[in-house]
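The values are calculated or read from the model by the stated rules, or taken from the named source; none is laboratory data. It should be emphasised that the depicted structure is a prediction, and the values quoted were computed from it without experimental measurement. Ideal geometry is used to build each Cβ from the backbone, glycine not excepted, and the neighbour counts take in all protein chains shown.
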Amino acid sequence: MILIPAVDIKGGRCVRLLEGRAEAETVFSDHPAEMARKWVEAGAERLHVVDLDGAFEKGPRNRRVIEEIVRTCPVPIQLGGGIRDMDTIENYLALGVTQVILGTAALKDPDLVRLACRRFPGRIMVSLDARDNRLAVEGWTETTDVDPVDWVRPYPDWGVQAVIFTDISRDGTQKGPSVASTRRLARAAGLPVIAAGGIATLEDIQNLCPLAADGLAGMITGRAIYSGSLNLSEALRWLKEHPFPERYVFH
């Protein structure tokens with residue numbers, strides 16, 4: 001089980017949003033790359049980077065900051081936000097990003113997912129963000145009628161590396177993850193699932209760990225490590241000391 005710190009970039013700064021709302025942001029640093037390096041020094045083995053401006057404006061917006069993170073952080077970087085076409089995918093991978101994350105594009109252009117997986121094996125992840133088990137798109141500003149369990153079924157055959165599942169109602173709230181909806185998706189996915197949203201304490205991590213048997217391979221934490229309710233180094237140490245039987249191993 002891997003614990004992944006989130007570095008969300010908006011206006012060139014490191015921020016966290018509440019329930020995905022652009023107007024409900026908290027700025028944690030004017031230097032996202034410094035924050036990224038802090039988490040690596042604390043023991044993080046992977047970083048989850050999101051171009052929030054890209055998500056809202058439908059195209060890459062923080063390339064300079066992303067390039068600095070990739071250049072100065074010696075761990076795999078998974079990157080999402082505003083990735084809508086093959087050229088952007090190719091450019092980010094050439095920059096040194098380990099995996100790109102398709103969100104809105106995965107719902108609006110499934111052919112892009114299939115083609116990208118074929119062209120870049122092992123380097124495409126999909127983000128499924130849901131509210132009340134209904135997928136949301138466009139930086140979480142639009143909710144669809146699509147159930148994530150139905151949408152994820154072809155992904156193993158397409159070659160999707162992993163699915164990131166976010167319960168939007170929990171994101172940035174520090175109210176704890178939605179164990180039930182995460183278990184529901186992990187059991188249906190047929191590939192590694194990474195949980196996001198609401199992870200605020202070591203207890204939250206402990207509550208999610210048994211889902212490893214269902215297909216959960218990792219967790220993303222953001223606001224909790226910035227606010228101090230979760231100590232990243234302690235959490236990483238606990239995970240190493242308490243291995244759970246895993247259906248998938250994700251590195």
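Condition check: acidic (Asp, Glu), in contact with a strand residue (DSSP E or B) (Cβ under 8 Å, 6 or more places away or on another chain) and over 21 Å from residue 230 (Cβ atoms). Does residue 85 satisfy that? Break it down stepwise before answering.
Values: acidic (Asp, Glu): yes; in contact with a strand residue (DSSP E or B) (Cβ under 8 Å, 6 or more places away or on another chain): no; over 21 Å from residue 230 (Cβ atoms): yes.
No; evaluated as a whole, the condition is false for this residue.
I need a count of the residues in the stretch 89-107 that are aromatic (Phe, Trp, Tyr) and surrounded by fewer than 21 Cβ atoms within 10 Å (Cβ to Cβ). Walk me through it before giving the result.
Residues of the stretch 89-107 aromatic (Phe, Trp, Tyr): 92.
If we keep only those that are surrounded by fewer than 21 Cβ atoms within 10 Å (Cβ to Cβ) as well, we get none.
Qualifying residue count for the region: 0.
Kindly provide the set of residues from the stretch 154-182 that are over 16 Å from the mean Cα position of the chain (by Cα) and modelled with pLDDT of 95 or more, ordered by number.
154, 155, 156, 157, 158, 159
Go through the stretch 74-88 and give me each residue that's crowded, with 23+ Cβ neighbours inside 10 Å and over 20 Å from residue 161 (Cβ atoms).
none
With the requirement that a residue be surrounded by fewer than 22 Cβ atoms within 10 Å (Cβ to Cβ) and farther than 15 Å from residue 32 by Cα, what does the stretch 44-73 give you?
45, 56, 57, 58, 59, 60
Out of 212, 217, 200, report the one residue that is modelled with pLDDT of 90 or more, under 18 Å from the mean Cα position of the chain (by Cα), in a strand (DSSP E or B) and surrounded by fewer than 24 Cβ atoms within 10 Å (Cβ to Cβ). I'd like the intermediate steps shown before the answer.
Working: 212 fails: in a strand (DSSP E or B); 200 fails: in a strand (DSSP E or B).
One residue alone meets the criteria, 217.
If I ask for residues that are of a type in the set (D, E, K, R) and either closer than 19 Å to residue 196 by Cβ or in a loop (DSSP other than H, G, I, E, B) (or both), which ones from the stretch 54-77 would you list? Break it down into steps so the answer makes sense when it comes.
The first filter runs over the stretch 54-77 and keeps only residues of a type in the set (D, E, K, R), leaving 57-58, 61, 63-64, 67-68, 71.
Scanning the stretch 54-77 gives 58, 61.
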